[in-house]
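Read-outs: derived from the displayed coordinates by stated rules, not from any lab. Everything quoted here is computed from the prediction, not taken from an experiment. Don't worry about glycine lacking a Cβ; one is built from the backbone with ideal geometry, like all the others, and counts go over all protein chains shown.
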């Protein structure tokens, strides 16, 4: 038996503290955290939805192959404006360009979730539509100076300072943070995991 009382351990294939916090919110504590290291480069012509699904599944498979008797949970979030994928900004200038693109318009956030268990697996992508208000040059400058944009898809964190710029959200809030909780819990249960 593992520490949390179920026979098969749960491995979170992500180093994201946000995903760990979200799982804790619904009473799930992974037994291990083993971040998957895969190439996250989009394929030529790959849609944002397909990319999110492929990366989540790839991360889960990468860890599951060495842990066949565990449940492996992996996730990946892709921000897209139309068909344009907005990854993690490499620098302040790129983050500024992303924010100018998002200003005053809707964009889509796709979060792929994969669960691979000893006897079953489940994969899905959850789409949420987020709308930013029109951002002034001063608001963009303020946000960039905070450094919150670093390491975030689309150069913003919905659960942080940027929350004040979001006028509407249609879909799963937790998915935009990094893990759609309702779907994730149902997938884990469906694969035989019970916290």
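Comparing 146, 135, 12 in a Gaussian network model of the chain where C-alpha atoms under 10 Å apart are linked, the largest mean-square fluctuation is found at 146. Taken over the alpha carbons of the chain as equal point scatterers, the Debye sum produces base-10 log I(q)/I(0) values at 0.10 Å⁻¹ of -0.41.
Label zone of residue 47 (point 7 Å out along Cα→Cβ, amide N under 19 Å): in region 127-161 this covers 127-130.
Bridge orientation summary for region 1-92: considering DSSP beta bridges with both residues in this region, about 40 percent are antiparallel. What shape does region 122-195 have by the C-alpha gyration tensor, where a ≥ b ≥ c are the square roots of the eigenvalues, rounded means a/c under 1.5, and otherwise prolate means a/b greater than b/c and oblate the rest? Prolate is the answer for region 122-195, as a/c is 1.5 or above and a/b outweighs b/c.
In region 22-95, inverting the average of 1/r over every pair of distinct C-alpha atoms gives 14.3 Å as the Kirkwood radius.
For the chain, find the longest principal axis of its Cα atoms and tell me its angle to the long axis of helix 92-102, 0 to 90°, nearest 10. Around 90 degrees separate the two axes.
Note that region 113-153, at 37 °C in a medium of 0.692 mPa s, gets a Stokes-Einstein diffusion coefficient of 233 µm²/s from its Kirkwood radius over C-alpha pairs. Between 0 and 90 degrees, the angle of helix 137-146 with respect to the longest Cα principal axis of the chain falls at about 40 degrees. Would you please classify the overall shape of region 11-56 from the alpha carbon gyration tensor, given that a ≥ b ≥ c denote the square roots of the eigenvalues, rounded means a/c under 1.5, and beyond that prolate means a/b larger than b/c while oblate covers the rest? Judged from the Cα gyration tensor, region 11-56 comes out prolate (a/c at least 1.5, a/b above b/c). Projecting label points 7 angstrom from Cα along Cα→Cβ for residue 150 and residue 106 puts them 3.4 nm apart. Reducing region 136-193 and region 5-46 to their Cα centroids gives an inter-centroid distance of 16 Å. Between the helical axis of 48-64 and the dominant principal axis of the chain, each derived from Cα atoms, what acute angle in degrees is found, rounded to the nearest 10? Helix 48-64 and the main axis of the chain meet at about 30 degrees. The calculated FRET efficiency for residue 159 paired with residue 26, based on their beta-carbon distance and R0 = 22 Å, is about 0.90. Look at the alpha carbon pairs under 8 Å that are at least 6 residues apart: their mean separation over the length of region 58-195 gives a relative contact order of 28 percent. With the convex hull drawn over the C-alpha atoms of region 58-129, the volume per residue is 91 Å³.
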